[in-house]
Amino acid sequence: MAQDSNNGYRTATIAVLVDNEPGILARVVGLFSGRGYNIDSLTVAAVEDNGQRSRINIVTSGTEMVIEQIKAQLDRLVPVHRVSDLSKDGPHLAREMMMIKIICPHQDGGGGNRAEALRLADAFRARVVDASTESFVFEMTGATDKLDAFVELMRPLGLAEVSRTGVAAIARGTRVI
Amino acid sequence: MTDAAHPPAHPVIPTASGAEILLRALKDQGVDVIFGYPGGSVLPIYDALFNQNAIRHILVRHEQAAVHAAEGYARSTGRVGVVLVTSGPGATNAVTGLADALLDSIPIVCLTGQVPTHLIGNDAFQEADTTGITRPATKHNYLVKRSGDLARIIHEAFYVARSGRPGPVVIDLPKDILIGKAPYTPPAETPHRSYRPRTEPDTALIARAVAMLKSARRPMIYTGGGVINAGPAASAALARFVHKTGFPCTNTLMGLGAFPASDPQFLGMLGMHGTYEANLAMHGCDVLLNVGARFDDRVTGRLNAFSPDSRKIHIDIDPSSINKNVPVELPIVGDAGRALEALLAAWDADPTPVDRPAIATWWRQIDTWRGNNCLRFTQPHEPGSIIKPQYAIQRLYELTRAVKQDIFITTEVGQHQMWAAQYFKFEQPNHWMTSGGLGTMGYGLPAAMGVQIAHPDALVIDIAGEASILMNIQEMGTLSQYRLPVKVFILNNEYMGMVRQWQELLHGSRYSESYSAALPDFVKLADAYGAVGLRAKSVDELDGVIREMLACDRTVIADIAVDPKENCYPMIPSGAAHNEMILGSESAGGVAGVTDEGKVLV
């Protein structure tokens, strides 16, 4: 392990602007696996220049020295234009979207669960995007911990499946990548 | 044909094949030689090579050797080495060479054949996912999918290979791209859209570095391959800076030759098999200036005991090399040569005097360490005495002093490599080629081949071990074909010596699989390849064999039988600190104290 004077372990949200070329995602992911870094969440989509450039948002964790190393390693990849440590450079917004399926049939006394799931969904501002007599799918957008909390609340009510996008993040104010 | 004076009103319809465009781009990049091996998917390139004379092709006997040869060419000239191999096994055989060039930061462009685009992913004959396989073994790689991108990608690959921290770049070329017509575009004059490494150091940081260095009482300058890669002018600037400051200087294995070994301010190589004085000065210094080295584990020893009392300055062109292993107080990103020039200017601009009395005391301390004479060995001189490997290198060095030619040394990997680094003194950069980072046995012979191609009149010696040399021995055929008068100087101790040494020191002398059984007769082997074979079995035969080798204008294998029990010292055992180094077998008992944690390290 690297010697580290600052043993503080932190989570970092890093945004990377890259050329949208074949293999770029493999390069980034290979860098993390090859050097033993963590990936807590990763999202990627074309964002500008008519799809010529993509933005990768990575949530990772490690000591300060490791996170600085991750940024330097990303920055020296040839197709990488910019690397921004959103969680360090200033205030930022980080959101993910989730679709969550609850199976709670109306029969067999599940009606209470259905009502409770709807009430909680309302409190969390989750939207019902699919409903049947036996199930709901809620759509929800928010910070990772809010989504985590909703998943935990749904668990006893018939939680069946979760699909999450991972974090998309952007700096507050006028700062751009 | 278009008339230059009357450019066509419409875009030129490409008339040349992809293979012809490829060669034209290589020519525009100044390429004069390619190391390669043909195969089905690259036949169009070989056809185009057949029809021209500007680029020479050197036919190797194995693709790994093509990359090492290109590395030797690149390291001895400062130019980009070029490799051409076929798809599938051609590309996979080249991977070791690519990984070697990546770890040692050597600029290489490797052209690999690929099955035609419509067959990619079909498990076609000789298909491999070359860009996938080589991604972690290259600085960057490309798969050319459109003819229109071909010329641009080739120019870009050369730019990426040589810019910033240099490295190997692969261009994967599907056969249909090589056969189909492609347009030509000259090298771009605009900066690369995303890859623009910083070369100019920040002047404020340079001024701070000078202030730190001037306040030093026990300063130390530690430089690596970055100074070599920055060109001969960087080495000259280093020498000026070291002389101006009066500070001691050490080089890494990769950095040897950047500072003249004969200079009294040179403390020798540092690290696992570095000198006592270099390592203790690293341990005891109060300000450490690192230029173009990367605090490699071979250099630092146990990290938490590495140079514990020093304030550290690290100059590197690669920001990811800074604060990777060792946290430093002052990181400076930039080219080693530019940074050294900036340091020289800032040194003169800063009126603060250095603490001369303190530095004189520091030199007295260093001289006490030097007095230990850590590289001493005892060579019995009675006729018939067995040759000590250190003595063989020392005599090789001494007898080459009379040679008028430029001298280049390559090595394989192991004990002989460390002895070569310790006993052969390098006065100038780019004359020492060794596999430092990856530690690739079999590197030296093909690297020597590449050096000799670049410097036909030079004396090129591969200092080898009998085990390493067999890893790419097939290249004797290449040497023979091109009449390359490389000298192969084998320290034959009949063991994988470094493996044997570790087994002796760390594994209870259980020499598991480290004996070189069934060795060939190297003299006969030389003969079989049309080379000259020589042998020295005892100390009285050594000088004669070396003289005969140096006088011979053909390829020579000199098989030097050396003491099989000799170990390479000084040595910092794995997991130990610089000040815990072992000076010789008499103090090797201390190695028994290596912890399991230390044993885990290689």
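Computed from the coordinates by the stated procedures, all read-outs in this text should not be read as laboratory data. Keep in mind it's a predicted model, so treat the numbers as computed, not measured. Please note: Cβ atoms are built from the backbone with ideal geometry, for glycine as well, and neighbour counts cover all protein chains shown.
Phi-derived couplings, Karplus 6.51 cos²θ - 1.76 cosθ + 1.60 at θ = phi - 60°, listed residue by residue for segment A:33-42: 6, x, 9, x, 8, 8, 10, 8, 7, 8 Hz, with x used for Gly and Pro. Rg and Dmax, both from the Cα atoms of chain B and both in Å, are 25.1, 85. What is the distance, in nm, between label points placed 7 Å from the Cα along the Cα-to-Cβ direction at A:Glu139 and at B:Ala518? Once both label points are built, they end up 6.9 nm from each other.
Once the C-beta distance of A:Arg10 and B:Arg356 is scaled by a Förster radius of 60 Å, the resulting FRET efficiency is 0.85 to the nearest 0.05.
A straight Cα-to-Cα reach below 17 Å connects B:Lys175 with the lysines B:Lys145, residues fewer than 8 places away in its own chain not being considered.
In straight-distance terms, cross-link reach from A:Lys101 covers every one of the lysines whose alpha-carbon lies under 28 Å from its own, apart from those fewer than eight places away in the same chain; here that gives A:Lys146. Every helix of 4 or more DSSP H residues in chain A counts as -39500 (n - 2.57), and over all residues that averages to -8500 deg cm²/dmol at 222 nm. Estimated from the Cβ-Cβ distance and a Förster radius of 60 angstrom, the FRET efficiency linking B:Asp263 and B:Lys181 is about 0.55.
With Rh defined as the Kirkwood radius, the inverse of the mean 1/r over Cα pairs, the Rg/Rh of chain A is 1.08. Taken as Cα centroids, segment B:506-576 and segment B:34-91 sit 30 Å apart, rounded to the nearest whole angstrom.
Debye-formula intensities of segment B:343-435, expressed as log10 I(q)/I(0) at q = 0.24, 0.25 Å⁻¹, are -1.20, -1.24 (one equal scatterer per alpha-carbon, no solvent). Shown is the FRET efficiency for A:Met97 and B:Thr203, computed with R0 = 60 Å from the Cβ-Cβ distance and rounded to the nearest 0.05: 0.80. A simple rule links phi to the HN-Hα coupling: the Karplus curve 6.51 cos²θ - 1.76 cosθ + 1.60 with θ = phi - 60°, which for segment B:474-479 gives 4, 6, 4, x, 5, 4 Hz, with x for Gly and Pro. For B:Asp172, the amide hydrogen comes within under 5 Å of the amide hydrogens of B:Thr112, B:Tyr142, B:Leu143, B:Val144, counting only partners 5 or more places away or on other chains and with H modelled in the peptide plane.
In this structure, the residue pairs whose Cα-Cα separation is over 32 Å, taken from B:Lys27/B:Lys524; B:Lys27/B:Lys139; B:Lys388/B:Lys524; B:Lys214/B:Lys388; B:Lys404/B:Lys524, are B:Lys27/B:Lys524; B:Lys214/B:Lys388. Calculated on C-alpha atoms, the gyration radius of segment B:232-296 divided by its Kirkwood radius gives an Rg/Rh of 0.92. Taking label points 7 Å from Cα along the Cα-to-Cβ direction, A:Leu25 and A:Asp89 give a separation of 2.3 nm. Convex hull volume of the C-alpha atoms in segment B:449-602, normalised per residue: 143 Å³.
For the protein assembly as shown, the spherically averaged projection of the C-alpha convex hull amounts to 42.3 nm². Within a straight-line Cα-Cα reach of under 23 Å, B:Lys599 can be paired with the following lysines, leaving aside sequence neighbours fewer than 8 residues apart in one chain: B:Lys324, B:Lys565.
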